[in-house]
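The values are calculated or read from the model by the stated rules, or taken from the named source; none is laboratory data. Predicted model only: the values in this text are computed from it and were never measured. Cβ sites come from the backbone with ideal geometry, for glycine too, and all protein chains shown count toward neighbours. Heavy atoms of the whole protein, side chains included, go into the accessibility calculation; ligands, DNA and RNA do not. Shrake-Rupley method; radii C 1.70, N 1.55, O 1.52, S 1.80 Å.
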Number of protein chains: 2
Amino acid sequence: MKIYHKAEIQKLLSLQTVLDYIEEGFVMYSKKEAMVPHEAILMFEKPAGECHIKWGYAKRGKYYLIKVASGFFENPEKGLPSRNSLMLLFERETGMTVCVLLDEGYLTDLRSGAAGCVAAMYLAPRKVDCIGIIGTGNQAYFQLRMLQFATSCREAMIWGRDPSKAQKFCENRDLKSFHMHVAESIDQLASKCNLIVTTTSSSVPLLFASQIRKGTHITAVGADLPIKQELDPEIFAKADRVVVDSRVECAEIGDVAYALKAGVIKSEKMQELGEVILNPSLRRTSDDEITVVDLSGLAALDLQIAIAAYERLSNEVV
Amino acid sequence: MKIYHKAEIQKLLSLQTVLDYIEEGFVMYSKKEAMVPHEAILMFEKPAGECHIKWGYAKRGKYYLIKVASGFFENPEKGLPSRNSLMLLFERETGMTVCVLLDEGYLTDLRSGAAGCVAAMYLAPRKVDCIGIIGTGNQAYFQLRMLQFATSCREAMIWGRDPSKAQKFCENRDLKSFHMHVAESIDQLASKCNLIVTTTSSSVPLLFASQIRKGTHITAVGADLPIKQELDPEIFAKADRVVVDSRVECAEIGDVAYALKAGVIKSEKMQELGEVILNPSLRRTSDDEITVVDLSGLAALDLQIAIAAYERLSNEVV
């Protein structure tokens, strides 16, 4: 059994490598070949904290995964990171432990970024004028970083509630291949950008149907709990294509759930991203279409990125 | 974060040390201070296998535990052990990973053995004539090994379906402090022994009410799935005291569940071992009483033995 730490995972697992694995994760999920039951959650009080346990495997795969991810939001006061995570990979045919990935949440961040990239690869307009990122946190970074593989556009505009955080985000050296701009408002961002990613922890809509340009693609990744919401439900009515990672999950959590519950759209309007990957007729057919992808976070992607990390690290192939 | 392997766990964690932790586990569970939800189970086909994921913590404790235990029954054909297990211990207040215990199932075996010992400490007759062990597997070994701390009796009688396995069991050097005898039949064993432990994977009763001597204590540890059964339900009717590790679990699985479903006893007759530890009036009041303890396997005990292992190993105190 091997143990890998965050630093070597970051060093040896190239960003582009993971895209094939993540794409396969979406397909596997939509073909119902991924056995990924609901996660278990442990909630703690005094101090408040939570621990999420996910597990799953692919019917025809070599491994099964158990992922443990925690959030303890008073940790920064103690000089500790608020989030922590590890993944355990086991042999599907023997149960033997293959590896422990002490990734501290890096692989989860990366898989979400890669998921956003895959969404854009299949649904964004051919010509992206400017990438708009709403939010300035960790996931904003991973989304933008990974979008380099989905589009040749290198103009990026960032909006954050705190403009100083948006400014600091723009100075990140890992993003220096982009021309970074701070948006004065979401309105400005939406008027300039036709590829927009929302990455906030908002519980009220930030982006509205009236702001969306013709031909815009939106990926919503922030709303991963029932109380979270980033998109005006009318966006889904206005959109030509509504795509989710999981029909089942997105009926319960995230922005699509609000639109469904409000009766703004019917569930038949949703396609799964795995289906869009498999079936070109489900993709955008013109540069004028508005497309929206709502991602809830699939355990199948955790499985896939753990496999990507293990296969790369064990061979030390970059 | 520390990683401990089976060999150092076996070397540094003394058997007697764990008894206090296990006793505390029973008490904590019965006082409803242990948060131990139902386990998750992943089932595999071709080859058949299963993976059990348990998690939990004590309300006032320092840690939370995640345990992963697998069983792949074709593994021995591949030269691999059929069972495997590891435990992860995290800080309750921060979520930081404390240690990974790569115990390969040793700690689970040991906690079950310790649980049987605690049951006997509180319920066995003062004078044990002979210890009877039904079954010759791993758990038979751990039960007998740990009973050295519950009684000064060093006479032991073993019954196995395969007499050659029973003979081999008797030759185990780790059990040399006992005078070991192979029983010709369960009838013979029950007539000689007044402390009996059943450790088989039987799905039909092996030990019957008519065979039980006055004053006998029985601990049933084998039946850990709904289809498993070792004791004639009438034993519970005949018994003066019926004790379980968990009312909730034992109403569903194990020998007591059969007795309850058949209406042979009422649920009011059951006491939890944690209650017996806390309340001396629930223990045996004469050497003639028949007592039965049915153990389903508490995640609270997994938590406690992981803590025992970590606290001992991290201080290297034996």
Quick one: count up the residues across the range B:123-144 that are surrounded by fewer than 21 Cβ atoms within 10 Å (Cβ to Cβ) and under 15 Å from the mean Cα position of the chain (by Cα). 3
Can you tell me which residues in the range B:162-202 are part of a loop (DSSP other than H, G, I, E, B) and surrounded by 13 or more Cβ atoms within 10 Å (Cβ to Cβ)? B:Asn172, B:Phe178, B:Ala183, B:Cys193, B:Asn194, B:Thr199, B:Thr200, B:Ser201, B:Ser202
In the range A:29-61, which residues are outside any loop (DSSP other than H, G, I, E, B), more than 9 Å from every other protein chain (Cβ to nearest Cβ) and under 13 Å from A:Ala300 (Cα atoms)? A:Tyr29, A:Ser30, A:Ala34, A:Lys54, A:Ala58
Consider the range A:230-256. How many of its residues are of a type outside the set (A, V, I, L, M, F, W, C), under 20 Å from A:Phe142 (Cα atoms) and outside any loop (DSSP other than H, G, I, E, B)? 1
Would you confirm whether or not the range B:57-76 contains a residue that is modelled with pLDDT of 95 or more, basic (Lys, Arg) and touching a helix residue (DSSP H, G or I) at 6+ places or on another chain (Cβ under 7 Å)? yes
Candidate set: the range A:1-23, residues that are in a strand (DSSP E or B) and either more than 10 Å from chain B (Cβ to nearest Cβ) or open to solvent by less than 30 Å² (accessible area, probe 1.4 Å) (or both); chosen: the one nearest to A:Phe72 (Cα to Cα): A:Tyr4
Which residue pairs have Cβ atoms closer than 6 Å, lie 6 or more positions apart in sequence or on different chains, and pair a first residue in the range B:51-62 that is over 21 Å from B:Arg83 (Cβ atoms) with a second residue that is not basic (Lys, Arg)? B:Tyr57/B:Met35; B:Tyr57/B:Tyr64; B:Ala58/B:Met28; B:Ala58/B:Glu33; B:Ala58/B:Ala34; B:Lys59/B:Glu33
All conditions in (1) open to solvent by 10 Å² or more (accessible area, probe 1.4 Å); (2) more than 30 Å from B:Ala34 (Cβ to Cβ) are true of A:Phe26 except (1)
Could you tell me which of the residues B:Ala223, B:Ala262 is at pLDDT below 95 and either open to solvent by 40 Å² or more (accessible area, probe 1.4 Å) or over 23 Å from B:Val118 (Cα atoms) (or both)? B:Ala262
Give the residue that is surrounded by the most Cβ atoms within 10 Å (Cβ to Cβ), with candidates limited to residues of the range B:82-106 that are assigned to a loop (DSSP other than H, G, I, E, B) and at the interface with chain A (Cβ under 9 Å from one of its Cβ atoms). B:Gly95
Could you check, for the range A:264-278, whether at least one of its residues is farther than 28 Å from A:Glu39 by Cα and assigned to a loop (DSSP other than H, G, I, E, B)? yes
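Examine the range A:279-293 for a residue that is open to solvent by 50 Å² or more (accessible area, probe 1.4 Å), farther than 20 Å from A:Tyr106 by Cβ and touching a helix residue (DSSP H, G or I) at 6+ places or on another chain (Cβ under 7 Å), and state whether such a residue exists. Please lay out each step first, then the result.
Here is the first cut: in the range A:279-293, the ones open to solvent by 50 Å² or more (accessible area, probe 1.4 Å) are A:279-281, A:283, A:285, A:287-288.
Filter once more, so that each one left must be farther than 20 Å from A:Tyr106 by Cβ: A:279-281, A:283, A:285, A:287-288.
Going one step further and asking which of them are touching a helix residue (DSSP H, G or I) at 6+ places or on another chain (Cβ under 7 Å), we end up with A:283.
There is at least one residue in the range A:279-293 that is open to solvent by 50 Å² or more (accessible area, probe 1.4 Å), farther than 20 Å from A:Tyr106 by Cβ and touching a helix residue (DSSP H, G or I) at 6+ places or on another chain (Cβ under 7 Å).
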Out of everything in the range A:62-81 that is open to solvent by 20 Å² or more (accessible area, probe 1.4 Å) and assigned to a helix (DSSP H, G or I), what residue ends up being nearest to the other protein chains (Cβ to nearest Cβ)? A:Lys78
